[in-house]
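**Q** Please find one structure pasted underneath; my questions will follow.
The values are calculated or read from the model by the stated rules, or taken from the named source; none is laboratory data. Keep in mind it's a predicted model, so treat the numbers as computed, not measured. Quick reminder, even Gly has a Cβ in these numbers, built from the backbone with ideal geometry, and neighbours come from all protein chains shown.
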């Protein structure tokens, strides 16, 4: 009771209590967002809103909300629920664009604008997204994110470019550029299993040889690496998701 009264009458103590509460809520939200395979990612949204009310920086709250929607979509993509993925993509975009507007020179908002466009595109289909002009919006945001910090989230901006050039339909597809971006991130962040999964899929689609080796053989090695190793420590469920997908891909070879 005494501490509460002190907080009410001493501004410094009140601010400190508010900051501690905001920090705790941000940590709680991140834990939920990173439990996306268990279906908890969207539960982070109201927690982040509580963090905002407790004094958290709005930019931080908005990009973390985009992060939560993105991971909710990644889990959903396993079930191929296009309509729900479209809805999540739009929610993701809303908060990501707010973050980018608040801090246009920071990587976080720009990165999530790009990948939220990606989630939306997966929901409505890539061809429909191209007709809506999503490609240019994705590239503009991804270019800003890469410029600000290509190492963000274990090289996620490089992964975004690598996957874009893999998923674009002919004649826009560029598997050589896809491979180049992904190889850059394998070298920079060897623990990123998503990068290795993406690189393997690019090699399989590209075919031919990489140096004196068959692309398919190199792809098998990358997939086996995914199955045998741990993902970067900050997001183990992303590694689990990569392993699940790697098992599917390697089973078809």
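The rows are residues; the columns are (1) assigned by TED's automatic domain parsing to the domain that holds residue 112; (2) buried (at least 21 other Cβ atoms within 10 Å of the Cβ); (3) more than 18 Å from the chain's Cα centre (by Cα).
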{"site": "134", "(1), (2), (3)": "yes, no, no"}
{"site": "137", "(1), (2), (3)": "yes, no, no"}
{"site": "141", "(1), (2), (3)": "yes, yes, no"}
{"site": "162", "(1), (2), (3)": "no, yes, no"}
{"site": "166", "(1), (2), (3)": "no, yes, no"}
{"site": "170", "(1), (2), (3)": "no, no, yes"}
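**Q** Something else now. State all residues of region 96-111 that are more than 13 Å from the chain's Cα centre (by Cα) and buried (at least 24 other Cβ atoms within 10 Å of the Cβ); if no residue qualifies, say none.
**A** Passing the criteria: 99, 100.
**Q** Shifting gears a bit: Quick check, is residue 114 under 11 Å from the mean Cα position of the chain (by Cα) and under 16 Å from residue 137 (Cα atoms)?
**A** yes
**Q** Continuing with this model, one more query. Kindly establish whether residue 118 is in contact with a helix residue (DSSP H, G or I) (Cβ under 6 Å, 6 or more places away or on another chain), buried (at least 19 other Cβ atoms within 10 Å of the Cβ) and either farther than 21 Å from residue 168 by Cα or not assigned by TED's automatic domain parsing to the domain that holds residue 238 (or both).
**A** Values: in contact with a helix residue (DSSP H, G or I) (Cβ under 6 Å, 6 or more places away or on another chain): no; buried (at least 19 other Cβ atoms within 10 Å of the Cβ): yes; either farther than 21 Å from residue 168 by Cα or not assigned by TED's automatic domain parsing to the domain that holds residue 238 (or both): yes.
The answer is no for residue 118.
**Q** Can you name the residue in region 8-36 that is buried (at least 16 other Cβ atoms within 10 Å of the Cβ) and modelled with pLDDT under 95 and, of all such residues, is nearest to residue 102 (Cα to Cα)?
**A** 21
**Q** Can you give me the ranges of the helices (runs of 4 or more DSSP H) entirely in region 146-253 with at least 1 residues that are under 30 Å from residue 64 (Cβ atoms) and in contact (Cβ under 8 Å) with a residue 60 or more places away in the chain?
**A** Details: elements: 152-167, 175-188, 193-206, 215-228, 236-251.
Output list reads 152-167, 236-251.
**Q** Here are 86, 74, 50: which of them is at pLDDT 95 or above and more than 21 Å from residue 20 (Cβ to Cβ)?
**A** One residue alone meets the criteria, 86.
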